[in-house]
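Just dropping this structure here.
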């Protein structure tokens, strides 16, 4: 059976989104110090980097494999929206760029979640 164009596009989109979270997983695994410093700046425990790392890795795996797409996409969208506050530094254009990108990625994840939930209704 041939895959439809839309299913191929959705698969590619899931893989591209997963690559971002997989990269976050690897970055936190290899050198967690940047993420830990950001957490400490916000008076949060540096050890929160470890559950964030696991979440990034597991969520990336689930996006790639297609497990619970709607729920995972929604959870990742919330994660992107929440973590964007760490980058809301109006005096730093680079951090503001990351802030806006997090919201854009959250939007794409919400579209993916909505599509997956709508598909389940059929």
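For every residue, the table says whether it meets (1) out of contact with any helix residue (DSSP H, G or I) (no Cβ under 6 Å at 6 or more places or on another chain); (2) surrounded by fewer than 19 Cβ atoms within 10 Å (Cβ to Cβ); (3) farther than 16 Å from residue 21 by Cα; (4) touching a residue at least 60 places away in the same chain (Cβ under 8 Å).
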site: 44; (1), (2), (3), (4): yes, yes, yes, no
site: 60; (1), (2), (3), (4): no, no, no, no
site: 78; (1), (2), (3), (4): yes, yes, no, no
site: 81; (1), (2), (3), (4): no, yes, no, no
site: 90; (1), (2), (3), (4): yes, yes, yes, no
site: 93; (1), (2), (3), (4): yes, yes, yes, no
site: 96; (1), (2), (3), (4): yes, yes, yes, no
site: 105; (1), (2), (3), (4): no, no, no, yes
site: 111; (1), (2), (3), (4): yes, yes, yes, no
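Something else about it: Considering only residues that are farther than 16 Å from residue 77 by Cβ and in contact with a helix residue (DSSP H, G or I) (Cβ under 9 Å, 6 or more places away or on another chain), look in segment 113-122 and name the one that is modelled with the lowest pLDDT.
If we filter segment 113-122 for residues that are farther than 16 Å from residue 77 by Cβ, which is where we start, we get 119-122.
Okay, now just the ones that are also in contact with a helix residue (DSSP H, G or I) (Cβ under 9 Å, 6 or more places away or on another chain), so 119-120.
Working: 119: 79, 120: 76.
Restricting to residues being farther than 16 Å from residue 77 by Cβ and in contact with a helix residue (DSSP H, G or I) (Cβ under 9 Å, 6 or more places away or on another chain), the top hit is 120.
Any residue at all in segment 8-30 that is in a helix (DSSP H, G or I) and over 22 Å from residue 73 (Cβ atoms)?
Scanning segment 8-30 turns up at least one residue that is in a helix (DSSP H, G or I) and over 22 Å from residue 73 (Cβ atoms).
Only residues that are touching a residue at least 12 places away in the same chain (Cβ under 8 Å) and either closer than 17 Å to residue 34 by Cβ or part of a loop (DSSP other than H, G, I, E, B) (or both): list them for segment 66-76, please.
66
Based on what the data block shows, is residue 29 touching a helix residue (DSSP H, G or I) at 6+ places or on another chain (Cβ under 7 Å), surrounded by 14 or more Cβ atoms within 10 Å (Cβ to Cβ) and under 17 Å from residue 86 (Cβ atoms)? Outline the logic, then answer.
Values: touching a helix residue (DSSP H, G or I) at 6+ places or on another chain (Cβ under 7 Å): yes; surrounded by 14 or more Cβ atoms within 10 Å (Cβ to Cβ): yes; under 17 Å from residue 86 (Cβ atoms): no.
For residue 29, the condition - touching a helix residue (DSSP H, G or I) at 6+ places or on another chain (Cβ under 7 Å), surrounded by 14 or more Cβ atoms within 10 Å (Cβ to Cβ) and under 17 Å from residue 86 (Cβ atoms) - is not met.
Looking at (1) surrounded by fewer than 18 Cβ atoms within 10 Å (Cβ to Cβ); (2) in contact (Cβ under 8 Å) with a residue 24 or more places away in the chain; (3) within 16 Å of residue 19 (Cα to Cα), which is the one condition that is false for residue 115?
Of everything listed in (1) surrounded by fewer than 18 Cβ atoms within 10 Å (Cβ to Cβ); (2) in contact (Cβ under 8 Å) with a residue 24 or more places away in the chain; (3) within 16 Å of residue 19 (Cα to Cα), residue 115 misses just condition (3).
The values are calculated or read from the model by the stated rules, or taken from the named source; none is laboratory data. Because the structure is a prediction, the values reported are computed rather than measured. Cβ: placed from backbone, ideal geometry, glycine included. Neighbour counts: every protein chain shown.
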